[in-house]
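This report concerns only the one structure given below.
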Amino acid sequence: MENNFDKNGLSVEKSLEIISEAINNSQRDFQRRGGTAMLIWGTTILLVSGIVTLGLSLSDNNYLWHLAWFLIPFIGLPLDRIASKRYKRSGQGENFVSKAVGLVWGIFGIMAVATGITAFFIPIATNGTIILLLGMAGAVTGALNQSWTVFILGIISGIAGLPCDYFLNIPTPLIMAFAALMTLVIPGLIFNRQNRKLL
């Protein structure tokens, strides 16, 4: 007769139920703080997009204003740390989903900065590449949280970034602002709304 119990005496069905519940709890816990983090980073990109747009318009398109993009981590990181400390104080620690999403966005940040630095030495489609990476990070975040709206927004944003950069005469800050709305601000609002429903 087949043994349907593991070494801890749990049935396979009960083990799967516990694993499924742990994943669901991880997703809910991420949504509690992830929505706020996404809003922080999204509004930071919108703010810097506004600074770059204003600088370019006032300086007759002096491209040195694009260096302002490097302000994003210096503004976003301290605000994100302040928000994450609030959640740690309320007893919500790290879990699988939040660690995985944090890793995805950390890698995105490294690759985005590396792309920006590389563009000083090699002619590459900086804007399109960064938006493609941004869309990928947004899509993975949506998939890990089983939010298919967030997943689709990430895919659309990532794919749309390259043709906008290559074929359409849309200013870089405007494309970046749109991408931030699609992959960070709107998903952050979605996660915060879902969190309010759970409370």
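The values are calculated or read from the model by the stated rules, or taken from the named source; none is laboratory data. None of the values given here were measured: they were computed from a predicted structure. For neighbour counting, all protein chains shown are included, and Cβ atoms are generated from backbone atoms with ideal geometry for every residue, glycine included.
Hey, does segment 43-54 have a residue that's under 20 Å from the mean Cα position of the chain (by Cα), within 21 Å of Ala180 (Cβ to Cβ), of a type outside the set (A, V, I, L, M) and at pLDDT below 90?
no
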- Taking segment 108-125 on its own, how many of its residues are touching a residue at least 24 places away in the same chain (Cβ under 8 Å) and in a helix (DSSP H, G or I)? 4
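Which of the helices (runs of 4 or more DSSP H) found entirely inside segment 135-199 contain at least 1 residues meeting this: among the acidic types (Asp, Glu)?
Working: elements: 148-166, 172-180, 186-198.
Hits in segment 135-199: 148-166.
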- segment 143-178, residues that are touching a Cys at 6+ places or on another chain (Cβ under 9 Å) and crowded, with 19+ Cβ neighbours inside 10 Å: Ile175
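For segment 128-161, which positions are hydroxyl-bearing (Ser, Thr, Tyr) and touching a residue at least 40 places away in the same chain (Cβ under 8 Å)?
Kept after step one, since they are hydroxyl-bearing (Ser, Thr, Tyr), are these residues of segment 128-161: 129, 141, 147, 149, 157.
Thr141, Ser147, Thr149 - these are the residues of segment 128-161 that are hydroxyl-bearing (Ser, Thr, Tyr) and touching a residue at least 40 places away in the same chain (Cβ under 8 Å).
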- Note on the structure: Expected output for segment 74-95 (first residue part of a helix (DSSP H, G or I), partner hydroxyl-bearing (Ser, Thr, Tyr) and modelled with pLDDT of 60 or more, Cβ below 6 Å, 6+ apart or cross-chain) is Ile75/Thr44; Gly76/Thr44; Ala83/Thr36
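For segment 61-73, what are the residues that are assigned to a loop (DSSP other than H, G, I, E, B) and in contact with a Ser or Thr (Cβ under 8 Å, 6 or more places away or on another chain)? I'd like the intermediate steps shown before the answer.
First, the residues of segment 61-73 that are assigned to a loop (DSSP other than H, G, I, E, B): 61-62.
The answer is none; no residue qualifies.
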